[in-house]
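Reading through the structure tokens given below for one structure.
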Amino acid sequence: MQKRVCHVVDDDSEVAESTAFLLRTEGFETTTHASGEAFLQRLPELEHGCILLDIRMPGINGLDLQHHLRETGVDMPVVIITGHGDVDIAVRAMKEGALDFLQKPFSREELLAAVDAASQTPRRSVRPSDEVIDACQRIERLTRREQQVLRGLTKGHANKVIAYDLDLSPRTVELYRANAMRKLGVRNLSEMLHLAFLAELDSADLDDEN
């Protein structure tokens with residue numbers, strides 16, 4: 001059986017310890033770190049595993065730490081946790097390569113599903129071409145308007161902002177968003193953003209046709 005390791009980086013010691021304990025009961029080996037700086041100090045001695053990374057921390061925040069890890073070639077998969085949950089933070093995290101994000105308070109099931117999926121991610125420094133091709137093919141199933149709504153989400157825009165930009169009602173944007181999720185076969189915003197960034201939809205040139 002593959003060894004599963006998770007490194008919990010959160011300045012809230014109570015949350016970090018309770019999360020690590022829950023993961024240990026499910027067979028994970030865990031470490032906890034009270035700050036980004038503390039994690040970086042121990043990084044050379046840590047086993048490869050997924051990183052459960054809080055956004056709001058003093059000193060190096062979660063997004064800055066994630067960016068640093070990516071720039072220095074650390075290929076541990078990252079799951080972001082945040083108590084704020086705004087779309088802009090989720091978008092930035094996904095652009096930096098996060099596999100998923102969880103909003104506090106998250107359920108036991110949500111935590112285990114995200115960390116288990118991350119722990120099974122193959123070690124590689126580049127995304128596999130077949131995954132990119134699959135993402136592009138799935139995005140192509142969307143209508144142009146659905147792609148435009150999804151592109152707005154990749155920019156961190158709320159539904160009402162997307163509605164204004166596309167001269168639509170917020171309710172119509174919600175319908176396009178729901179249709180896009182159904183066609184893409186995703187369960188939540190993080191999965192949808194992951195596909196969009198794989199397909200580089202955020203840099204695509206889309207006009208305003210329906």
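A few points about this structure:
- Any hit, the stretch 58-66, residues being open to solvent by less than 60 Å² (accessible area, probe 1.4 Å), without any contact (Cβ under 8 Å) to a residue 24 or more places away in the chain and under 12 Å from the mean Cα position of the chain (by Cα): no
- Of all the numbered requirements in (1) β-branched (Val, Ile, Thr); (2) modelled with pLDDT of 95 or more; (3) open to solvent by 30 Å² or more (accessible area, probe 1.4 Å), Ile162 misses one, and that requirement is (3).
- Flag for Glu71 being farther than 24 Å from Arg151 by Cβ and among the charged types (D, E, K, R): yes
Residues are listed down the side, and each one gets a yes or a no for (1) under 21 Å from Arg70 (Cβ atoms); (2) modelled with pLDDT under 90; (3) surrounded by fewer than 17 Cβ atoms within 10 Å (Cβ to Cβ):
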site: Leu111; (1), (2), (3): no, no, no
site: Ser129; (1), (2), (3): yes, yes, yes
site: Glu146; (1), (2), (3): no, no, no
site: Leu153; (1), (2), (3): no, no, no
site: His157; (1), (2), (3): no, no, no
site: Asp167; (1), (2), (3): no, no, yes
site: Arg171; (1), (2), (3): no, no, yes
site: Gly185; (1), (2), (3): no, no, yes
site: Ser190; (1), (2), (3): yes, yes, no
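- Filtered residues of the stretch 6-45 (kept if among the hydrophobic types (A, V, I, L, M, F, W, C) and touching a Leu at 6+ places or on another chain (Cβ under 8 Å)): Cys6, Val8, Val9, Leu22, Leu23, Phe39, Leu40
- Residues of the stretch 1-47 satisfying the condition of being basic (Lys, Arg) and exposed (fewer than 15 other Cβ atoms within 10 Å of the Cβ): Lys3, Arg24, Arg42
- Members of the stretch 1-59 that are in contact with an Asp or Glu (Cβ under 6 Å, 6 or more places away or on another chain) and either assigned to a helix (DSSP H, G or I) or closer than 16 Å to Arg108 by Cα (or both): Ala16
- Qualifying residue in the stretch 64-75 (condition: under 24 Å from Gln120 (Cβ atoms), modelled with pLDDT of 90 or more and in a loop (DSSP other than H, G, I, E, B)): no
- When residues of the stretch 173-183 are limited to those that are open to solvent by 60 Å² or more (accessible area, probe 1.4 Å) and free of Cβ contacts under 8 Å to residues at least 12 places away in the same chain, the one farthest from Asp100 (Cα to Cα): Leu175
- The set of residues from the stretch 91-109 being closer than 20 Å to Glu71 by Cβ, open to solvent by 70 Å² or more (accessible area, probe 1.4 Å) and touching a Gly at 6+ places or on another chain (Cβ under 7 Å) is empty.
The values are calculated or read from the model by the stated rules, or taken from the named source; none is laboratory data. Computed from a predicted structure; not experimentally measured. Please note: Cβ atoms are built from the backbone with ideal geometry, for glycine as well, and neighbour counts cover all protein chains shown. Heavy atoms of the whole protein, side chains included, go into the accessibility calculation; ligands, DNA and RNA do not. Shrake-Rupley method; radii C 1.70, N 1.55, O 1.52, S 1.80 Å.
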